[in-house]
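Chemist: I have a structure I would like to understand better, so I am pasting it below and will then ask my questions one at a time.
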Amino acid sequence: MTENTPGGAPKQPEPSGVDLARVALRAAKEAARARGDAAQQKKQARRGGLRSGARADGRDPMALGSAINRLITERGWEAPAAVGGVMGRWPQIVGEDVAKHCEPERYDEDECVLTVRCDSTAWATNLRLLAPTLVARLNEDLGHGRVKLIKVQGPGGPARRYGPLRAPGSTGPGDTYG
C-alpha cells in the first residue's frame with residue numbers, strides 16, 4: 001500500500017544507493033559538458049574558429065605505426081632504425097649457421113662500417129671471405145651505400161690476470177684471438 005502525502009498525492013520512495021549514483025553521474029556529466037563547451041569555445045576563439053572536422057588535418061589522431069614512422073622521419077633516424085632492424089633480423093640475413101657464431105656489435109653511421117664479432121678465429125676468417133657478399137645483401141635490404149665495409153673481429157682474449165704465478169715478461173696465452 002502506498003502512503004499519501006498531506007496534499008493527497010502518493011509518496012515517492014526514498015532513492016536507493018544505485019539511484020543516487022545515477023543521479024550523481026548524470027549531474028557530473030552535465031557539469032563536464034558545460035565546462036567542455038566553455039573550454040571548446042575558448043579554444044576556437046584562440047585558433048580563430050578552426051577545428052578538426054570532416055577533413056583530415058594534423059590534429060587528428062593517427063595509428064601508432066604512422067606516428068612512429070613520422071617521428072623517425074622528422075628526427076632523421078631512418079638509417080639507425082634500419083640498421084637496428086638488420087641487427088634484429090641478423091639470422092635471416094646471414095643464415096642460421098653464420099648467426100650462431102657471428103653477431104653484429106655496432107654500426108658507425110658516419111663511416112658506414114658494421115662491426116661483427118665472431119666466437120673463433122676460424123669463423124672470423126670465414127666471415128672476412130664472405131664480407132663482400134654480406135655487404136651487397138645488407139645494401140639490398142638497407143639501401144645502397146648504407147654499409148661500405150664489414151669489420152670482422154675475433155673473440156676477445158681472456159682477461160689478463162696479474163698475480164704470483166706469472167712468469168716475468170710473459171704476454172699470456174699463445175693463441176692470437178683474432
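Chemist: For ARG26 and ASP97 in the same chain, what is the full-extension length gain: residue separation times 0.36 nm, less their Cα-Cα distance, in nm?
Modeler: Details: separation 71, 0.36 × 71 = 25.56 nm, distance 6.56 nm.
Result: 19.0 nm gained on full extension.
Chemist: Excluding residues on the same chain fewer than 8 positions from LYS151, give the aspartates and glutamates whose Cα lies under 14 Å from its Cα.
Modeler: In chain and number order, the partners are GLU103, GLU105, ASP108, GLU109, GLU111.
Chemist: If I take every Cα pair under 8 Å that is 6 or more residues apart in the range 80-130, average their sequence separation and divide by the length, what percent do I get for the relative contact order?
Modeler: 25
Chemist: Tally Lys/Arg at +1 and Asp/Glu at -1 over every other residue whose Cβ is under 14 Å from the Cβ of ILE150; what's the total?
Modeler: Neighbourhood net charge equals +2.
Read-outs throughout are calculated quantities, based only on the coordinates presented, and are distinct from any laboratory measurement. In this text the structure is predicted, and so the values were computed from the model without any measurement. Please note: Cβ atoms are built from the backbone with ideal geometry, for glycine as well, and neighbour counts cover all protein chains shown.
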